[in-house]
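*Asks:* Below is the structure I would like to discuss, written out as structure tokens.
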Amino acid sequence: MTLGLLRDRFAGAIEATAPNAVLVRYSDGTPFGWVGRELRMPTTLAQISPRVIACLLAIEDRRFWKHHGIDVVAVARAFVRDLRCGTFAEGGSTIGQQLLKNTILRGTPRLPRKVTELFLSPLTEALLGKPWVLQHYLNTVHMGGGVYGIRAAARVFLGRDCGDVSWSDAALLAGLPAAPERFRFYEENSLARPRRDFVLTRAGALGFLTASEVSVALREQLPRPFRIHPEVRHQLHELAPLIAAADGDSEIVTTIDRQMQMVAHHVVRSFARGASFRAIAAVDVATGGVRAVATRCSGADGRYDVAVGGRLSPGSVVKPFVLAVALELGYELTDEIESGPVTIADGGKYWFVENYDRSAHGRITLREATLLSDNTAYARLIASIGHELPAEVMAAAGLPSLPSPGYTLTLGVLQSGINAVTAAASYISLARGGESLSPTFDLRAVPVMHRLQIGHRPVASVVSVLRDVLRTRLTRGSCLEDAFGKTGTPDDDRSGWFVGVAGDLAVAAAIGEASSREEKARRAGELWLRFFDELHRVRPEVTKTS
């Protein structure tokens, strides 16, 4: 086999394992997870810390620089052990053999592969050189959890570059290839420390580091377990269409704030455990960047992702947009409207509307109708102003309202359901005086702006009413004096919503409970407030209104 042919074979095999995942980072650069099946981040030998190389050779191929592709001593030792065990207990493979197994001979049955390795490994090292072999091995070895290569493992599991690691970190990385899942240190694992200590001791005995360095490294604490929760991995796949990495990018920095994300995950995991789902989404009012998004599901809802992939009716969450249109057309908050069961003709059909508790409040003002979230009053209101302009205003705010479904629009009947990100982002237009921003997960993205067909004054009037809604619906929250929001309880009886703005964040909270509509709305409000309560403890500046 010629040098060119061998290089071509390797090139083809390595190309087949080219990066097919994108590493996703929080806005501060720390890993969030990745989109794709296998994460690979190739690098050069010069960019890998000598500490990693030393520890890996000590545990995987101590005579790498001395043998010629086959370690006869290791093979003999493995042969004797295999005879004693009556099975393939130990392989005695060199780095070159393992590279062949991971690339050219990937998927080949063990016995024929071993035989082929005995011929190809010496030839590979002779023609391509040991540095080339070592570099490509370090780029292709499986490190666990769908992560391949030293650089990707260091970035994901340690949150740092593979060229900047301590002896302890190097030993942790070097200990993974033999049994990635068994010796994983990025999750709680009782075997992680013994494995690290074994690698350090072996490397010290072989002279790769001094006794003093071994002693210091053994006393070093293991890094805090880094685990990408299954919900997050699932969520990232839901986010994939929104995380638009440029061609050739192996990683992308998102708008997601690590601290906010941790708060959101803690809240949805700990709040209302009996609920079928809980979801939180927080969007930056100034930029449209999604700062946190978390879902927790159980029971029949399973892995239903309300925060990103959900398709729920928003219910009364959309009423503020109908109110804004009415005010733009000349109505006043003090204008009165009738409350009580009503039948409205809609395109040859008849729409019967009543409040969920069959209540009727007589003549009430638009402000009172909003505070009560009176369905019958709002049905009369949209019948008076028409549904076309509200549908256009909602669409400009990012809600799927076109083509208009008719007057039922005022109760949150849209062309498709919404998720928590969409709900939160729609309220940015209220916080910005009628100017909406499309939500984005890409820190590099330039926000897409839309102007609602509503003036600043009507929007300000709507916000003033929603401040009262928040005060009456939520009984506490001293840090949120200038906040505003609205409840939503769809007719499907599946969920409750609270969507609002506090400080620089538009936040939507959704909860699924088998309870009354009033209870669902109250619980959604509590979930929303819990998020801000916990966020205020760690980031008080975020909830302040400028």
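*Asks:* So for region 318-401, taking the charge dipole from beta-carbon charges (+1 Lys/Arg, -1 Asp/Glu), which of 371, 322, 341 sits furthest toward the positive end?
*Replies:* In region 318-401, that residue is 341.
*Asks:* Still on this structure: Remind me, what semi-axes does region 170-230 give for its equivalent ellipsoid, largest first in whole Å, using sqrt of 5 times each Cα gyration tensor eigenvalue?
*Replies:* 23, 12, 8
*Asks:* If we restrict to alpha carbons, what Rg and Dmax does region 411-502 come to, in Å?
*Replies:* 14.4, 39
*Asks:* Across the Cα atoms of region 362-419, what radius of gyration and what greatest pairwise Cα-Cα distance (Dmax) are found, in Å?
*Replies:* For region 362-419, the Cα-based Rg and Dmax read 11.8, 35 Å.
*Asks:* Stokes-Einstein D for region 406-464 at 25 °C, 0.890 mPa s, Kirkwood Rh over Cα pairs, in µm²/s?
*Replies:* In µm²/s, the coefficient rounds to 189.
*Asks:* If a/c stays under 1.5 just call it rounded; otherwise compare a/b with b/c (prolate if a/b is bigger, oblate if not). Do that for region 132-226, with a ≥ b ≥ c from the square roots of the Cα gyration tensor eigenvalues.
*Replies:* Verdict is oblate for region 132-226.
*Asks:* Continuing with the same structure: Residues of region 128-234: accessible area per residue at 1.4 Å, in Å²?
*Replies:* 41 Å²
The values are calculated or read from the model by the stated rules, or taken from the named source; none is laboratory data. Small disclaimer: the values here were computed from a predicted structure and weren't measured. Using ideal geometry, Cβ is built from the backbone for each residue, glycine included, and neighbour counts are taken over all protein chains shown. SASA here: full protein model, heavy atoms, side chains in, ligands and nucleic acids out. Shrake-Rupley method; radii C 1.70, N 1.55, O 1.52, S 1.80 Å.
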